[in-house]
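> Got a structure for you, written out below as structure tokens; questions coming shortly.
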Amino acid sequence: MYYKIIELSPKTPSISYDETKDLIWHFLCALESNGQILKNYKVIQNINFMLYVTTPKKDSLSECHDSVYVKNDREKIGEYFDIQIKDCGIDLESQEYCTCKTRSAMEMQTFRFDIDSVFTCCDCGKPVVLYELPYLEKREDHNEIQLWQDNYAAMDMLWLNCLCDRYTGNQRVKLDSALNKQGIEIAEYMSKQLGYPVYYHLECDYGKSIKAEKVGDQQIHICPKCGKLMKRVRFSEDHERDICEECKLSYDAH
């Protein structure tokens, strides 16, 4: 959402990029893994080192949001550089993020080229920043969630780039695929920690294995897990879904 420059000014002229590049990139990766910056960041060398990043919120780079990894890297970088953060404007590739004080539910979903959080607030329809959410068990950042997002995007891209093979298709639509099982586990853990539903969004198979029932003038999905009729809901103006409140699954409404 917010495009920024993290300017690193060497404290002594002898500090070189070759000497500090591993630390700089590790710092950026740690920020991304904690959800404080989004994908597609750059490092440009001028007189100083300029880190071009997109943050989900205005204060995302504040130290109060740091994971233990970001904190450690920030301290190490501070030994070599003076750090200054500059605002550049709005990154139109990214969405505006949720600012709701409370939430009734979230939905977990992603797709190819998606650079935003995988979690969407079901009240406002906007993505939820990762660093506001609890870490998964025995984790100290959100890297595992982002690895799942990368894997899902890769499957989605292979499928939509007309390979259309059985493996990538099944990973996207089958309830018991490795990709969906991992995603469901993440959504269930988040739901348990947050105390409200986190619906896992399943991709439709468009008539092959997805069952639906006509209710009035609507085709409502049958839950692939419990076999019960799902419920048609509108999470926000742009998000109409069929959900199973028991199994915490969702489909696009058709």
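The values are calculated or read from the model by the stated rules, or taken from the named source; none is laboratory data. None of the values given here were measured: they were computed from a predicted structure. Every residue, glycine among them, receives a Cβ derived from its backbone with ideal geometry; neighbour counts consider all protein chains shown. These accessible areas exclude ligands, DNA and RNA; they are computed on the full protein's heavy atoms, side chains included. Shrake-Rupley method; radii C 1.70, N 1.55, O 1.52, S 1.80 Å.
> Of the conditions (1) under 22 Å from the mean Cα position of the chain (by Cα); (2) modelled with pLDDT of 95 or more; (3) over 20 Å from I115 (Cα atoms), R74 fails just one. Which one is it?
(1)
> Restricting the search to the stretch 190-238, which residues are charged (D, E, K, R), in contact with a strand residue (DSSP E or B) (Cβ under 8 Å, 6 or more places away or on another chain) and modelled with pLDDT of 90 or more?
Within the stretch 190-238, K225, K228, K231, R232 qualify.
> For the stretch 116-156, name all the residues that are open to solvent by 10 Å² or more (accessible area, probe 1.4 Å), in contact with a helix residue (DSSP H, G or I) (Cβ under 6 Å, 6 or more places away or on another chain) and aliphatic (A, V, I, L, M).
Matches in the stretch 116-156: L136, M155.
> Sort out which residues of the stretch 197-250 are more than 17 Å from V118 (Cα to Cα) and among the aromatic types (F, W, Y), and write them in order of number.
Answer for the stretch 197-250, where residues must be more than 17 Å from V118 (Cα to Cα) and among the aromatic types (F, W, Y): just Y206.
> Could you check the stretch 23-49 and list, in sequence order, the residues that are of a type in the set (V, I, T) and either over 20 Å from E63 (Cβ atoms) or touching a Phe, Trp or Tyr at 6+ places or on another chain (Cβ under 8 Å) (or both)?
Selection gives I24, V43, I44, I47.
> Which of the following residues is touching a residue at least 12 places away in the same chain (Cβ under 8 Å) and not in a strand (DSSP E or B): E93, E107?
E93
> Since I85 meets every condition but one in (1) open to solvent by 70 Å² or more (accessible area, probe 1.4 Å); (2) hydrophobic (A, V, I, L, M, F, W, C); (3) within 17 Å of the chain's Cα centre (by Cα), which condition does it not meet?
Single failed check for I85: (3).
> I've got another one for you. Restricting to the stretch 1-18, name every residue that is in a strand (DSSP E or B) and closer than 23 Å to V118 by Cβ. Spell out how you get there, then give the answer.
Of the residues in the stretch 1-18, the ones in a strand (DSSP E or B) are 2-10.
Selection gives Y2, Y3, K4.
Let's see how each residue does on (1) surrounded by 13 or more Cβ atoms within 10 Å (Cβ to Cβ); (2) modelled with pLDDT of 95 or more:
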| residue | (1), (2) |
| --- | --- |
| S33 | yes, yes |
| P56 | yes, yes |
| C64 | no, yes |
| V70 | yes, yes |
| D91 | yes, no |
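> So which residues in the stretch 19-41 are closer than 17 Å to V128 by Cβ and in a helix (DSSP H, G or I), if there are any at all?
E32, S33
> Return the residues of the stretch 127-144 that are within 9 Å of the chain's Cα centre (by Cα), touching a residue at least 60 places away in the same chain (Cβ under 8 Å) and under 14 Å from R103 (Cα atoms); say none if nothing qualifies.
Within the stretch 127-144, P127, V129 qualify.
> Residue check: is Y52 at pLDDT 95 or above, among the aromatic types (F, W, Y), open to solvent by 40 Å² or more (accessible area, probe 1.4 Å) and over 13 Å from E7 (Cα atoms)?
So Y52 does not fit the description; no.
> Only one of these is closer than 24 Å to L136 by Cβ, open to solvent by less than 50 Å² (accessible area, probe 1.4 Å) and of a type outside the set (D, E): S60, S9. Name it.
It is S60.
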